[in-house]
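Taken together, the values in this text are just the output of simple stated rules run on the coordinates, not laboratory data. Note that this is a predicted model, so its numbers are computed, not measured. As a convention, Cβ positions derive from the backbone with ideal geometry for all residues, glycine included, and neighbour counts pool all protein chains shown.
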Amino acid sequence: MTTIDSQHDDMMHDAILDYYGKRLATCSSDHTIKVFSLENNQQTLLEVLHGHTGPVWQLDWAHPKFGTILASASYDGHVIVWREVDGVWRQLIDYSAHQASVNAVSWAPHEYGALLACASSDGKVSVLDFKDDGSYDTRMFSTHESGCNAVCWSPPSLSGSIVGQSPAAGPKKLASAGCDNLVKIWAFDSNVNNWILEDTLTGHVDWTRDVAWAPSVGLTKTYLASASQDKNVFIWTKEGDCPWQKTPLTEEKFPDVAWRVSWSLSGNILAVSCGDNKVYLFKESNKKWQLINELSG
């Protein structure tokens with residue numbers, strides 16, 4: 001395990017590697033974003049990005065086919081999309097349509113195009129659809145009346161499909177997590193040119209803090225993980241047209257709030273970030289989830 005000195009002046013909220021794993025972006029309550037180069041087990045601070053006027057909650061790198069692009073979500077209600085060209089970082093857009101804190105940003109799989117989903121405490125999710133000329137269209141829809149904490153995209157390929165059918169063949173879907181303790185599944189309907197509610201997943205008894213869709217390559221069913229203030233993580237599975245099935249990740253609750261969930265690229269390992277300053281790694285074996293490691297900061 002490698003330790004990185006973020007050099008932030010306040011609490012750090014997110015850290016994310018780019019597609020190649022050679023750059024790390026971090027964000028903090030100090031209102032800044034920092035971009036590091038990670039080469040030969042050494043970290044080099046490349047840039048400090050200033051633009052937000054409140055804590056920066058979350059970051060997400062776009063796929064490199066679109067360039068070196070980073071999105072940031074902040075308490076100030078803004079989403080800033082940053083772009084680097086020839087070593088110089090600039091703001092591509094400053095999106096300010098939300099009326100409260102923007103808590104999460106998520107780029108779609110590149111097969112869907114340059115789409116960015118933003119989740120806000122105003123209870124809405126907006127999806128920005130970027131065009132080749134730099135302009136973008138926006139679709140905003142209500143998700144969780146008491147506030148939306150997280151949003152993620154479905155994987156682009158059909159479950160169990162490794163080769164053959166185009167990965168963009170499946171419909172675009174989003175999952176959102178809210179302060180109403182719910183996870184909701186949304187599907188894009190081209191007939192109304194907007195997102196419609198497909199499913200509502202119940203089970204948490206406190207705010208749902210995060211939701212993550214597992215990559216589907218090689219898997220026979222769809223997996224979704226949700227993390228909650230209630231100290232539980234649920235695994236939701238779906239096969240074909242059958243209803244979603246809920247399975248607690250652990251028999252006992254976590255020691256503290258389950259803040260974040262993240263899948264490995266292969267979709268067979270789940271990481272859970274907990275309020276006890278630990279990250280727990282789980283793997284499914286014989287239809288049961290086994291704890292395989294604990295990482296302490």
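Odds and ends about this structure:
- Whole-percent pair-distance distribution, where bins are 5 Å wide, for the alpha carbons of segment 53-204: 2, 9, 18, 21, 20, 15, 9, 4, 1, 0
- ³J(HN,Hα) computed for each position of segment 44-53 - Karplus, 6.51 cos²θ - 1.76 cosθ + 1.60, integer Hz, glycine/proline x: 10, 6, 9, 7, 10, 9, 10, x, 7, 10
- Amide hydrogen proximity for Y136: with H placed 1.01 Å from N in the peptide plane, the residues at 5 or more positions away or on another chain lying under 5 Å are K131.
- ³J(HN,Hα) computed for each position of segment 71-88 - Karplus, 6.51 cos²θ - 1.76 cosθ + 1.60, integer Hz, glycine/proline x: 10, 10, 10, 9, 4, 6, x, 10, 10, 10, 9, 9, 9, 9, 10, 6, x, 10
- Per residue Cα convex hull volume in Å³ - calculated over segment 64-109: 74
- Remark: relative contact order (the chain) = 8 percent; criterion is Cα-Cα distance under 8 angstrom and separation of 6 or more residues.
- Pairwise centroid distance, computed over Cα atoms, of segment 230-289 with segment 1-77, Å: 25
- For I93, the residues whose modelled amide H falls within less than 5 Å of its own, excluding neighbours fewer than 5 places apart on the same chain, are V81.
- Under-5 Å amide H pairs with D199, H placed in peptide plane, nonlocal only: I185
- Cα-based Rg / Dmax (Å) for segment 231-297: 12.4, 42
- When restricted to Cα atoms, segment 1-106 yields an Rg and a Dmax of 13.1, 43 Å, respectively.
- Structural descriptor for segment 190-297: relative contact order 18 percent, calculated from alpha carbon pairs under 8 angstrom and at least 6 residues apart.
- For the peptides 190-196, 255-261, 61-67, the ranking by mean Cβ contacts within 10 Å, running from highest to lowest, is 255-261, 61-67, 190-196.
- Given (1) 87, 49, 45; (2) 64, 61, 41; (3) 49, 48, 41, the label whose value is Cα extents along the principal axes in Å derived from this model: (3)
- The mean sequence distance of close C-alpha pairs (under 8 Å, at least 6 residues apart), as a share of the length of segment 46-154, puts its relative contact order at 19 percent.
- Rounded to whole Hz, the Karplus (6.51, -1.76, 1.60) HN-Hα couplings of segment 139-149, x for glycine and proline: 10, 10, 8, 6, 10, 10, 4, 8, x, 10, 9
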